[in-house]
1. Picking from A168, A131, which residue would you name as being part of a loop (DSSP other than H, G, I, E, B) and either in contact (Cβ under 8 Å) with a residue 12 or more places away in the chain or open to solvent by 10 Å² or more (accessible area, probe 1.4 Å) (or both)?
2. What are the residue pairs meeting all of these: first residue in the range 260-275, first residue touching a residue at least 60 places away in the same chain (Cβ under 8 Å) and surrounded by 15 or more Cβ atoms within 10 Å (Cβ to Cβ), second residue hydroxyl-bearing (S, T, Y) and in a helix (DSSP H, G or I), Cβ atoms under 9 Å, and 6 or more apart or on different chains?
3. Counting only residues that are under 21 Å from S163 (Cα atoms) and either modelled with pLDDT of 90 or more or touching a Leu at 6+ places or on another chain (Cβ under 7 Å) (or both), give me the strands (runs of 3 or more DSSP E) lying completely in the range 60-116 with at least 1 of them.
4. Which residues, taken from the range 123-136, are within 22 Å of G105 (Cβ to Cβ) and in contact with a helix residue (DSSP H, G or I) (Cβ under 8 Å, 6 or more places away or on another chain)?
5. Looking at the range 112-128 only, could you name the residues that are farther than 17 Å from D94 by Cα, open to solvent by 20 Å² or more (accessible area, probe 1.4 Å) and touching a residue at least 40 places away in the same chain (Cβ under 8 Å)?
6. Just checking, how many residues over the range 177-198 are among the charged types (D, E, K, R), out of contact with any strand residue (DSSP E or B) (no Cβ under 6 Å at 6 or more places or on another chain) and either closer than 28 Å to V154 by Cβ or assigned to a strand (DSSP E or B) (or both)?
7. For the range 134-158, which residues satisfy the criterion of being part of a loop (DSSP other than H, G, I, E, B) and over 12 Å from the mean Cα position of the chain (by Cα)?
Amino acid sequence: MNGSGVSGVREVPVPDGLDGERLDAALARMFGLSRSKAAELITDGMVLVDGRAAAKSDRVLAGGWLSVTLPAPRAEAVGPPAQAVEGLVVLYEDDDIIVVDKPRGVAAHPSPGWTGPVVNGGLLAAGHTVAASGAAERQGIVHRLDANTTGVMVVAKSERAYSALKQAFRERTVTKVYHALVQGHPDPLRGTVDAPIGRHPSGDGRFAVVAGGRPSITHYDTLEAFRAASLVEVHLETGRTHQIRVHMTAIRHPCCGDLLYGADPVLAARLGLTRQWLHAVSLSFGHPADGREVTFVSPYPDDLTHALDVLNAES
């Protein structure tokens, strides 16, 4: 790698949330690089840890100092690819916002390692406009759903909507309601899980309840109990990655079909599930234009309805 393709040296401390991560994984997350590009920089001697060269498999320590010589960015902004998304339904649209019903297998926006369809790219492909604020690849995105979590999601079209909605999510004035089908029967039937969430010690991309994690609060209420599972309504006070999935697993009632977080594969197969049974059923917030409260809802998709039909037939 020669000097002509270099944008300069960045010197930054390792954040607490990346303590113990492999160096290549930490670099990828901190600078939005692919894992292979991060490994290439390390191999080429472009990365120093506390002033010394390091191997890509070395573990980083929180507070350690990284000196990274980054490649020059491309001249053009790398926005979301305008790619049609099958099953992406627009529930509502005006000059400020567009509310969608997100299907499974679709991420909110492009990210390192994700090669599938994305919400903002799907909207662009369909001729909609989205706000240009924020990182180029996250245009219009003010909150996210996991790729295989379905349901209602709002995207900002105007710059004022982007600012107002980001603030509303940050200040937790948005009401997000989810339904989840979980294994077994939670005891108590209604409760709160207040447990910090951070990266799983295995470093395999999962999250877990860990000491020193970010504060996370989940409220649940059982709506219907079946022989093998329970349908619960979930309200979030915080919005951590995989929060519902992690917290339900922590109380030993993982979402049905969620094999990543310990769900029973036999039950998943019986219910016809190939992803977690988790759906964002409603979203309420003050409209960015005038502050009036608006609410949008999403019905269960076919695969989740089928799982409930199987359980009802067994009861």
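The values are calculated or read from the model by the stated rules, or taken from the named source; none is laboratory data. This one's a predicted model, so the numbers in the text were calculated from it and none came from an experiment. Neighbour counts run over all protein chains shown; Cβ positions are idealised from the backbone, glycine included. These area figures cover heavy atoms from the full protein model, side chains too; ligands, DNA and RNA do not enter into them. Shrake-Rupley method; radii C 1.70, N 1.55, O 1.52, S 1.80 Å.
1. A131
2. A263/T249
3. Values: elements: 65-71, 89-93, 97-102.
Per the criteria, 89-93, 97-102.
4. Matches in the range 123-136: V130 only.
5. Selection gives P112, G113, A125.
6. Within the range 177-198, the first condition is being among the charged types (D, E, K, R), and the residues that meet it are 187, 190, 194.
From what's left, out of contact with any strand residue (DSSP E or B) (no Cβ under 6 Å at 6 or more places or on another chain): 187.
From what is left, the residues that are either closer than 28 Å to V154 by Cβ or assigned to a strand (DSSP E or B) (or both) are none.
The number of residues fulfilling the criteria is 0.
7. Hits for the range 134-158 are G134, A135, Q139, G140, K157, S158.
Residue-wise test of (1) open to solvent by 70 Å² or more (accessible area, probe 1.4 Å); (2) touching a helix residue (DSSP H, G or I) at 6+ places or on another chain (Cβ under 9 Å).
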site	(1), (2)
A38	no, yes
L48	no, no
A53	yes, yes
K56	yes, yes
L61	yes, no
L66	no, yes
T69	no, yes
